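No value in this document is a laboratory result; all are computed from the given coordinates. Computed from a predicted model, the values in this text were never measured in an experiment. Because the Cβ atoms are built from the backbone with ideal geometry, glycine has one as well, and the counts that use them run over all protein chains shown.
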Amino acid sequence: MLFSKWQGLGNDFVIVNGFQENIPDYCSAAKEICDRHFGVGADGLVIIGPSSTADFRMRIFNSDGSEAEMCGNVTRCVMRYVYESALTDKTSVSLETMAGLIRPELLFSDGAVIGARVDMGIPRLKLSEIPLTGSFAEPAVNVPLEIGSQTVYGTAVSMGNPHFVTFVDDVAAVDLAEIGPKIETSRYFPRKTNVEFVQVLNRQELRMRVWERGAGITLACGTGACATLVAAVLNNKTDRKAEVHLPGGNLFVEWGENEHLYISGPATEVFRGEFLLHL
Ligand code: ZDP
């Protein structure tokens with residue numbers, strides 16, 4: 001199976017051309033390929049295939065084999081991938097995802113592609129859309145969750161996939177590997193959740209660390225950066241445009257007047273190869 005390995009701010013993916021490759025079982029393929037010791041190593045597996053409603057259909061599988069509705073960093077990589085592998089000559093495409101149509105466009109500098117800007121669609125704040133269960137205010141802004149013996153306050157936002165965003169004074173002090181999976185799998189989130197801890201630097205800058213549903217600690221998360229900005233605005237901590245500092249680098253995020261979120265950042269191909277599926 002031919003593949004291409006990509007990363008966006010250190011959030012890394014294996015992209016497979018679904019027009020050519022036939023994978024019998026995406027879930028077990030994702031687990032096998034994403035394994036960092038027994039496979040290629042990646043946070044997720046992405047399959048690009050035909051769509052009847054968009055230029056391409058994009059499916060995303062986390063390293064644990066679960067399917068994610070959406071993924072921001074992947075989308076920037078996929079825009080470059082379809083353009084540079086000549087699946088399209090358009091510099092902007094539409095992608096069918098479980099979270100609806102997503103529209104990335106290439107970013108150029110001096111005629112060379114440097115990354116992509118993505119229309120990530122509108123955030124969803126209804127409890128049923130996240131989904132979040134419990135008797136909370138709607139939208140769930142700074143609501144308390146009982147996690148083990150502690151109470152964790154946060155804001156729930158869906159970018160097609162679920163996020164829970166908690167503001168803290170110092171993100172470096174958070175034991176993410178300890179608290180992340182507890183919130184991810186807590187009874188409040190029937191489809192689990194991605195977990196973000198965020199420090200406000202000023203009204204235009206945030207620092208964020210993420211525990212991803214189905215993948216654990218990653219260096220960056222595009223949907224998480226969008227959810228973070230939405231939570232920051234709802235909590236009146238930043239303006240509608242901010243730079244989000246992630247362990248893997250910086251993303252520019254904007255919550256437009258049309259309510260859509262936009263992210264701009266790099267996307268880089270790392271290597272190509274042929275994987276021998278053992279499933
Ligand atoms: O929602 C989920 O299960 C996520 N783990 C999907 C991946 C999100 C991602 N990090 C992003 O950039 O939005 C790829």
Charge tally for neighbours of Ser28 with beta carbon under 12 Å away, counting Lys, Arg as +1 and Asp, Glu as -1, is -3
Connecting every pair of Cα atoms under 10 Å apart in the chain and solving the GNM, the largest mean-square fluctuation among Leu246, Leu145, Leu132 falls on Leu145
Candidate cut points under chymotrypsin sites (Phe, Trp or Tyr not before Pro) in region 38-87, DSSP loop plus at most 12 other Cβ atoms within 10 Å of their own Cβ, are Phe38
Summed over the other residues with a beta carbon less than 12 angstrom from that of Asn62, with K and R at +1 and D and E at -1, the charge totals -2
Here region 5-17 yields Karplus 3J(HN,Hα) values (6.51, -1.76, 1.60; θ = phi - 60°; whole Hz; Gly and Pro given as x) of 9, 10, 9, x, 6, x, 8, 10, 9, 9, 9, 10, 7
Restricting to Cα pairs under 8 Å and 6 or more apart, the percent relative contact order of region 143-259 works out to 21 percent
For Pro190, the net charge from surrounding residues (Cβ-Cβ under 13 Å; K, R +1; D, E -1) works out to +2
Region 143-259: antiparallel bridges as % of DSSP beta bridges, rounded to 5, reads 75 percent
Rounded to the nearest whole number, the Stokes-Einstein translational diffusion coefficient of the chain at 37 °C and 0.692 mPa s (Kirkwood radius, C-alpha pairs) in µm²/s is 175 µm²/s
For region 26-112, listing trypsin sites (Lys or Arg not before Pro) in a DSSP loop whose Cβ sees at most 15 other Cβ atoms within 10 Å gives Arg36, Lys90
In debye to the nearest 20, the charge dipole size for region 143-259, taken about the Cα centre with +1 at each Lys and Arg Cβ and -1 at each Asp and Glu Cβ, equals 260 debye
Unit-weight point scatterers at every alpha-carbon of region 61-153, Debye formula, q = 0.14, 0.23 1/Å: log10 I(q)/I(0) is -0.70, -1.14
The lysines whose Cα lies under 24 Å from the Cα of Lys126, excluding any fewer than 8 residues away in the same chain, are Lys182, Lys192, Lys237, Lys241
